[in-house]
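Colleague: Structure below; questions to follow.
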2 protein chains.
Amino acid sequence: MFRALAQEKRLQVLSWLKAPAAHFPPQVDGDLIRDGVCVLRIAEKLGVKQPTATRHLQILADAGLVTATRIGKWTFFKRNETAIGRLKSELIEKM
Amino acid sequence: MFRALAQEKRLQVLSWLKAPAAHFPPQVDGDLIRDGVCVLRIAEKLGVKQPTATRHLQILADAGLVTATRIGKWTFFKRNETAIGRLKSELIEKM
DNA sequence: TACAAATATAGCAATATAACTATATGAAAA
DNA sequence: TTTTCATATAGTTATATTGCTATATTTGTA
């Protein structure tokens, strides 16, 4: 989990996803809030290519910090607040 | 800071230093609690050579998680609870 | 002053990470 | 069914990290 957060870009994504509508343009398919943000939008905003963004998002997902939802040809990512909450208390005791 | 914690060995050290007396033998010079634990003891317990332990401890120190105290020829490391407390609340809001 | 002990630094090898391009896969549209 | 679009995977390269050994530095002691 700390490894997942040990990268400015991933911290950045996690922060943007707190308020998707404030950081990403409206989406035609897939609601920003309910479903999450599409990979290409995140890649653009991060300033990296799509495969790189996908990799970062997989790392965040493996750590349980975000969840992926595939709708049609899009994959949307959003924060997993439940897991993040659990991880917060866990790391509080670990530190 | 997350990078400093993104390594099992450094997390381990930070955890041991919560209760130095429970994890390290008594020291002749430098009190375990007041001054901290000597580098060689930490290296032994980690199962790495002294320069490697020194490097890990420097990384923890750079992140502000521990402080070094030189007494004579020994350098003792202990947790910086004040800084750790600040970092905790900071990361809580960052996540 | 010379020597010994503890730690710090330099330099190197192995591995991990992050970026890219090229390509494969999955799903919708023509 | 072919094409197209979005994402995933494979493979490569550059850089960062982690470990080591050798050596320098700092400090106490003979």
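Colleague: Tell me which residues, restricted to the range B:45-61, are closer than 21 Å to B:A22 by Cα and either small (G, A, S) or modelled with pLDDT under 95 (or both).
Modeller: Hits for the range B:45-61 are B:G47, B:A53.
Colleague: Of the residues that make up the range A:45-54, is at least one more than 8 Å from DNA strand D (Cβ to nearest atom), open to solvent by less than 70 Å² (accessible area, probe 1.4 Å) and within 14 Å of another protein chain (Cβ to nearest Cβ)?
Modeller: Taking every residue of the range A:45-54 in turn, none turns out to be more than 8 Å from DNA strand D (Cβ to nearest atom), open to solvent by less than 70 Å² (accessible area, probe 1.4 Å) and within 14 Å of another protein chain (Cβ to nearest Cβ).
Colleague: Quick one: how many residues across the range B:33-44 are open to solvent by 40 Å² or more (accessible area, probe 1.4 Å), within 11 Å of DNA strand C (Cβ to nearest atom) and aliphatic (A, V, I, L, M)? Lay out the reasoning, then the answer.
Modeller: Initial filter on the range B:33-44 (open to solvent by 40 Å² or more (accessible area, probe 1.4 Å)): B:33-34, B:40-41, B:44.
Those left that are additionally within 11 Å of DNA strand C (Cβ to nearest atom): B:40-41, B:44.
Narrowing the set further to residues that are aliphatic (A, V, I, L, M) leaves B:40.
Residues that pass the stated criteria total 1.
Colleague: Tell me, yes or no, whether the range B:62-80 has at least one residue that is touching a Pro at 6+ places or on another chain (Cβ under 8 Å), more than 8 Å from DNA strand C (Cβ to nearest atom), open to solvent by 40 Å² or more (accessible area, probe 1.4 Å) and more than 14 Å from chain A (Cβ to nearest Cβ). Walk me through it before giving the result.
Modeller: Kept after step one, since they are touching a Pro at 6+ places or on another chain (Cβ under 8 Å), are these residues of the range B:62-80: B:78.
When the remaining residues are screened for being more than 8 Å from DNA strand C (Cβ to nearest atom), the result is B:78.
Among the residues that remain, those that are also open to solvent by 40 Å² or more (accessible area, probe 1.4 Å) are: B:78.
Restricting the remaining residues to those that are more than 14 Å from chain A (Cβ to nearest Cβ) gives B:78.
Yes, some residue in the range B:62-80 is touching a Pro at 6+ places or on another chain (Cβ under 8 Å), more than 8 Å from DNA strand C (Cβ to nearest atom), open to solvent by 40 Å² or more (accessible area, probe 1.4 Å) and more than 14 Å from chain A (Cβ to nearest Cβ).
The values are calculated or read from the model by the stated rules, or taken from the named source; none is laboratory data. Being a predicted model, the structure only gives us computed values, none of them experimental. Every residue, glycine as well, gets a Cβ built from its backbone with ideal geometry; the counts of neighbours run over all protein chains shown. What goes into the accessible areas is simple: the full protein's heavy atoms, side chains included, and nothing from ligands, DNA or RNA. Shrake-Rupley method; radii C 1.70, N 1.55, O 1.52, S 1.80 Å.
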